[in-house]
Structure formats: structure tokens, C-alpha cells
Amino acid sequence: MNITHASGGTVTIEKVVADQPGWLVIHITKGGGPGPVIGQSPVSEGDNSNVEVAIDLDQATQQLFAMLHLDIGTEGEYEF
């Protein structure tokens, strides 16, 4: 997924396609791969357009990872 816009403590992902409800999670870069979570937003099954995620700017790095995680039934809890 490409982060299409970052501004004022949020990032926007143009299109997220999910097989089931889940979470779009923003990770910072750590060791060349995804590290700690700095933001998350729920997504619905199917096509999700312009998903905006509030992020913690104090922890943000130059490169961020947007990853789709499965919803395990509790808000804010998810798995790969």
C-alpha cells in the first residue's frame, strides 16, 4: 500500500482492499522492516478509499509501513 499523503499528524492511503474487516496499521521503519505501531484505523470488508490514519508524529520516521491486519474482535487489537 502506498501512503499518498502525509500532513498534520495524519497519513492517507488511497485504496485499501480487505477480505474481511480489519485494521490499517502504520508502523515505523526499524531494521529495514516494520517496527512499532504509531497509528491505526479500522477498515471494512471490500474496497476502502482514502483511509486516513492519525499517527504519533513524535515517533514517526522518514519511511513508514502501512499494513493490513485482521480484526480479532476487540477494538485496537489485531494480528497479521
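In segment 52-72, how many residues are farther than 15 Å from G9 by Cβ, free of Cβ contacts under 8 Å to residues at least 60 places away in the same chain and of a type in the set (A, V, I, L, M)?
Looking only at that region, the number is 2.
Name the residues in segment 26-57 that are open to solvent by 60 Å² or more (accessible area, probe 1.4 Å), among the aliphatic types (A, V, I, L, M) and assigned to a loop (DSSP other than H, G, I, E, B), would you?
L57
The values are calculated or read from the model by the stated rules, or taken from the named source; none is laboratory data. All values reported here derive from a predicted model rather than from experimental measurement. Cβ sites come from the backbone with ideal geometry, for glycine too, and all protein chains shown count toward neighbours. Remember, those area values only see protein heavy atoms, side chains included, never the ligands or the DNA or RNA. Shrake-Rupley method; radii C 1.70, N 1.55, O 1.52, S 1.80 Å.
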